[in-house]
């Protein structure tokens, strides 16, 4: 995220027309964030136990840091995208971004990247990292100056049922 002249530069993403991105600041917005996170990734909703743990973390970070580092993209009054940010030293970890499938291709994902990058630079980050899916966000990030520096393999475990059929993956979260 640093330009050759030494000053910060933003990834060259624009703003999506008719879309605003705001940091999640309330419990109601956090519930929307969790629901949207599941739906944009095609995963089942979080369990009530997982939601309670995530909410406790959200409330703690908001109380201690005065920010949540979770963002919602809004198309008017409707939530259409979500994303997270974590800054460790000079590294900005851009995590869990997604846009409703019916509204992809309009610049909302890039808008989420830009807003989080601006926030990260303002807080002293010099490098942005994003684990991206090869078929969705990876090509978008490459078009805008990100480069691949490694790969991650995700593994999924399924639990057998008494009838021997596969009920699907065990519930858990890993970075996308």
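Laboratory data are not the source of any read-out in this text; all were calculated from the coordinates shown. For clarity, every value in this text was computed on a predicted model and none was experimentally measured. For neighbour counting, all protein chains shown are included, and Cβ atoms are generated from backbone atoms with ideal geometry for every residue, glycine included.
Overview of values
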{"read-out": "Label-point gap, in nm, between residue 147 and residue 28 - each point 7 angstrom along Cα→Cβ", "value": "4.7"}
{"read-out": "Chain lengthening between residue 77 and residue 106 when straightened (0.36 nm per residue, less Cα-Cα)", "value": "8.7 nm"}
{"read-out": "Modelled label reach - residue 136, point 7 Å along Cα→Cβ, region 25-62 residues with backbone N closer than 13 Å", "value": "36-44"}
{"read-out": "Sorted peptide list for 93-105, 136-148, criterion being average Cβ within 10 angstrom, highest first", "value": "93-105, 136-148"}
{"read-out": "Segment residue 39-residue 129, extension gain: residue separation times 0.36 nm, minus the distance between their alpha carbons", "value": "30.1 nm"}
{"read-out": "Net lengthening on full extension, residue 155/residue 61 (0.36 nm per residue, minus Cα-Cα)", "value": "30.9 nm"}
